[in-house]
Amino acid sequence: MSIERLITIIAVMAVVTYLPRVLPIAILRRKIKNRFLNSFLTYMPYGVLAAMVFPSVLFSTGSVLSAAIGLVVALLLSWRKTGLFPVALFSTLAVFITERIMELLI
């Protein structure tokens, strides 16, 4: 890959990632009073993150079953407002244990 192409790709990605952050600030100078739009803008990053991460979660382990069990453990602990570290630790542990049990059964 040539250096010109690499610089072009980096520049395009910089514009694409910077533009959505700057446009709302440049266009909307006053406080947003619409409740629907305000809640939409509040929850949009979480929805986008979930949509990007969810498919990877199901196919990141040896089987979809162990990934689903890890996901359920993470969701239950998150619902109980557990911190990020225990959620990551226990969901990873659930996947590890499930994988080991599946190895013994097969």
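Points worth noting:
- Of the residues screened, residue 98 is one that is in a helix (DSSP H, G or I) and either surrounded by 13 or more Cβ atoms within 10 Å (Cβ to Cβ) or touching a residue at least 12 places away in the same chain (Cβ under 8 Å) (or both).
- Verdict on residue 103 being part of a helix (DSSP H, G or I) and open to solvent by 50 Å² or more (accessible area, probe 1.4 Å): yes
- Per this entry, residue 6 is not counted among residues that are open to solvent by 80 Å² or more (accessible area, probe 1.4 Å), assigned to a helix (DSSP H, G or I) and without any contact (Cβ under 8 Å) to a residue 60 or more places away in the chain.
- Checking 75, 71 one by one, the residue that is open to solvent by 70 Å² or more (accessible area, probe 1.4 Å), at pLDDT 85 or above and assigned to a helix (DSSP H, G or I) is 75 and no other.
The values are calculated or read from the model by the stated rules, or taken from the named source; none is laboratory data. Since the structure is predicted, the reported quantities are computational estimates derived from the model, not experimental observations. Cβ coordinates were reconstructed from backbone atoms using ideal geometry, including for glycine residues, and neighbour counts include every protein chain displayed. Quick note on the areas: whole protein, heavy atoms, side chains included, nothing else; ligands and nucleic acids left out. Shrake-Rupley method; radii C 1.70, N 1.55, O 1.52, S 1.80 Å.
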